[in-house]
1. Please pick out the residue among 309, 314 that is open to solvent by 10 Å² or more (accessible area, probe 1.4 Å), touching a helix residue (DSSP H, G or I) at 6+ places or on another chain (Cβ under 7 Å) and over 30 Å from residue 197 (Cβ atoms).
2. Among the listed residues 289, 322, which satisfies the condition of being more than 16 Å from ligand 1 (Cβ to nearest atom) and outside any loop (DSSP other than H, G, I, E, B)?
3. Just the residues that are surrounded by fewer than 16 Cβ atoms within 10 Å (Cβ to Cβ) and either of a type in the set (S, T, N, Q) or closer than 14 Å to residue 115 by Cα (or both), please, taken from region 34-46.
4. Starting from region 162-188, keep only residues that are without any contact (Cβ under 8 Å) to a residue 12 or more places away in the chain, then list their pairs with residues that are buried (at least 19 other Cβ atoms within 10 Å of the Cβ) and not basic (Lys, Arg) whose Cβ atoms are within a distance under 8 Å, requiring at least 6 positions of separation or different chains.
5. Can you tell me which of (1) within 16 Å of ligand 2 (Cβ to nearest atom); (2) over 15 Å from residue 324 (Cα atoms) is the one residue 265 doesn't meet?
6. Check residue 320 against each of (1) in contact with a helix residue (DSSP H, G or I) (Cβ under 6 Å, 6 or more places away or on another chain); (2) open to solvent by 20 Å² or more (accessible area, probe 1.4 Å); (3) aromatic (Phe, Trp, Tyr) and name the one condition it does not meet.
7. Would you check if there is a residue in region 184-193 being over 20 Å from the mean Cα position of the chain (by Cα) and hydroxyl-bearing (Ser, Thr, Tyr)?
8. May I ask you to list the residues in region 195-208 that are touching a residue at least 24 places away in the same chain (Cβ under 8 Å) and either at negative phi or open to solvent by 70 Å² or more (accessible area, probe 1.4 Å) (or both)?
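The values are calculated or read from the model by the stated rules, or taken from the named source; none is laboratory data. Predicted, not measured: the structure shown is a model, and the values here were computed from it. Positions of Cβ are backbone-derived with ideal geometry, glycine not excepted, and every protein chain shown enters the neighbour counts. Ligands, DNA and RNA are stripped out before the accessible areas are found, and what is left, the full protein with its side chains, is counted by its heavy atoms. Shrake-Rupley method; radii C 1.70, N 1.55, O 1.52, S 1.80 Å.
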Amino acid sequence: MALADWGWTDFFAGHFKSWKKSGYLPARVIRGEKNYFRVWSEAGELTVRFAGKMRHKADGRQDLPVVGDWVVVEPQPGERGFIHALLPRTSSFSRNLPGRRKGKGRERVEQQVIAANVDLVFIVSGLDRDYNLRRIERYLTLVGGSGAEAVILLNKADLCADPETCQQEVAEIAGNSPVHLCMARDRDTLAVLTPYLKKGKTIALLGSSGVGKSTILNGLLGEERQKIGSVSESDGKGRHTTTHRELFLLAGGAILMDNPGMRELHLWGEQEDLAESFAEIEELALTCKFSNCRHQTEPGCAVRTAVEQGEINQERLDNYLKLAEELKKTKR
Ligand SMILES: Nc1nc2c(ncn2[C@@H]2O[C@H](COP(=O)(O)OP(=O)(O)O)[C@@H](O)[C@H]2O)c(=O)[nH]1
Ligand SMILES: [Mg+2]
Ligand SMILES: [Zn+2]
């Protein structure tokens, strides 16, 4: 196996140059466990830990490796090794860590990098009770700020009376991202994904628990590698069957990342992350009378006018404002 098979490019090679003489190897993180990582390297699959120095040097959690990262490894006997450095990322996904909002007054904010060096994201949504345009907008904003491209997959088309209407409705909020229908239980329907599965490209599956991410991965792998969850009859919600983020190599050469569902996905990023996911609102906002218009009660608001004229959906605007507020909170 060559490094390029795992997504190595000139970008990473450039940053690895200064390490070349050290005898250390570049390696890609394929799975993170509590106290160690599994990586791919030219010396094979290794179990690696941090060299003591590395943890101290890190400024914060965002400087520590996540699945998808390229790291500099010092190989050790017994298929082990030490991580000495993290190479710069071409893309990364961050969220505002959930469960940290106790305390009086100000909410705590903490960036959690979820994954790195992803080229393309399949945003998976189920056409059952999971179906929710506002959640898709949230995922599109996450991807918009990451540096990756997005493709939307509406899975479980078999559970929907009129999947084409849903596809059309999603296409209207999807900007330039393509929208496809599939039924992951029937592998043949995954053929719509073939054009995206390019050699050396890293593709992440994102979406709530139970939407069928692991089923899609197994279908593309052609074998049952990932455990599939069951969806609760009572609330229609998936259980967290996938507990790890992990990279898988497909026969055609694409690298696929399965993800556990995230119960809470609070955005972390910049206002600019909304530029693609809400392009028409951002564009209209430029013509509001006040440049700092919040599109609520201000006079001369072009966005509110568009809502009143039925050009923009009220719920979409509400979601835009909510996501903008979330992003603002992460600025300290
Ligand atoms: N009806 C239907 N069920 C599906 C489809 N794809 C997956 N499922 C089921 O949805 C459940 C959750 O799937 P899983 O792949 O574990 O979801 P994940 O949590 O996103 O990884 C399982 O019971 C799957 O068999 C589909 O296209 N149609
Ligand atoms: Mg899963
Ligand atoms: Zn306005």
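1. On inspection, the qualifying residue turns out to be 314.
2. Only one candidate qualifies: 322.
3. 35
4. Sorted first by the residue in region 162-188, then by its partner, the pairs are 171/179.
5. Failing condition for residue 265: (2).
6. Every listed condition holds for residue 320 apart from (2).
7. There is at least one residue in region 184-193 that is over 20 Å from the mean Cα position of the chain (by Cα) and hydroxyl-bearing (Ser, Thr, Tyr).
8. Hits for region 195-208 are 196, 197, 198, 199, 201, 202, 203, 204, 205, 206, 208.
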